[in-house]
Structures are given as structure tokens and as C-alpha cells.
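What follows is one structure encoded as C-alpha cells, with my remarks underneath.
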Amino acid sequence: MSKLQNLVSYFREEAKREREYSKRLEETAAKSHNIMLKTLMKAVSLDSLKHALIYETLADLLENPRLVTEKESEDIIREIEKHIEEERESIEELHKLLEDERVKDNPAAKFLIELMLRDENFHHALLKRLHDAVIKPLVFSESDYWDAVWKDAIWHGAPGG
């Protein structure tokens, strides 16, 4: 087995382990009558499912890297930009909630809002990074093409400049 195939197998095994862990967390949450414990156990369970998906994606990428088509990238860029804005709005709202006296006086509510705020900040940064590092370079507009062709050309297409 090649080194690449070993890594793919490792990622697939980790995905399986994360799915099993998620299932056990969900079962534990179902046994609890405490709403906060139940909610947080389910949240960790969902994170484990997310990790399983990431491991599966890593394995898939190593086995079969795929490029994003121009049409797909245009649609995705619009959606990601929309999601970035929505995450920014959520962050603002959560900051406002943290200033609310009813939340300040309730440690459990404050904890849960801070937990969501942490996630929203992470999502916002993740989507921006995805947009800037992965999606944006895929779009090569006509003006980008002409810039690439003529920007550093001495004569800019005309005899004698």
C-alpha cells in the first residue's frame, strides 16, 4: 500500500471513529433531562459529525482532486458572500445580547451566547478565508485576462507604445 493510500485509509478510519463518537454523544444527550447538558452534548455530537465529514473530504481529495467549474464558482461566490454578511450580522446581534442586563445577570444564558458568538466569529473567518483563498482565485474575469496580457507589456499592443 502506498503512503498516499495509507493516509487515505487513516482519514477514512478517523471519519468512522468520529461518527461512532457522535452517535455515543447523541445517546448520552438523550438520557439527560437537563436542557443545557442535552443541548451542549448534541452540539459536540454535531461537531464530531463535522469532523467526520472533513476526514471524508480529505480522503476524497487525495483520491480524486476536483476543480470548481466557472459556473459553479460564480454561484458559490455569491452564496458565500451572502453568508459572510449574515454571519457578520449575527455577530453584531450577539454582541448586543451580551450587553442586555437580562443576559448579564444570567450566567447560563451568557455562557450560551458567548458560545454562539465564538462559533459565529469562527464561521465568519472561515467563510472569508474560503472566499479569499479558494474561491476568489478561481474566478478569472475578462479584465483580469487583459491585465495579465497587457499590464506589463512595453508597447501595450501599439507600435511604439
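The values are calculated or read from the model by the stated rules, or taken from the named source; none is laboratory data. Just so it is clear, the structure is predicted and the values come from calculations on it, not from any experiment. Heads up, the Cβs are rebuilt from the backbone with ideal geometry, glycines too, and the neighbour counts pull from every protein chain shown.
Below are the figures for this structure:
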quantity: Residue list for segment 61-83, filter: under 17 Å from the mean Cα position of the chain (by Cα) and within 15 Å of V8 (Cβ to Cβ); calculated: L61
quantity: Of all residues making up segment 7-42, the number that are among the aromatic types (F, W, Y) and more than 15 Å from E56 (Cα to Cα); calculated: 1
quantity: Single condition R66 does not satisfy, out of (1) at pLDDT below 95; (2) within 27 Å of M116 (Cα to Cα); (3) assigned to a loop (DSSP other than H, G, I, E, B); calculated: (2)
quantity: Flag if A30 is in the same structural domain as L62 (by TED's automatic domain parsing), within 22 Å of the chain's Cα centre (by Cα) and either assigned to a loop (DSSP other than H, G, I, E, B) or at pLDDT 95 or above (or both); calculated: no
quantity: Cross-chain or 6+ apart pairs with Cβ under 6 Å, segment 23-40 first and more than 12 Å from L112 (Cβ to Cβ), then among the hydroxyl-bearing types (S, T, Y); calculated: L25/S45; E26/S45; K38/S32
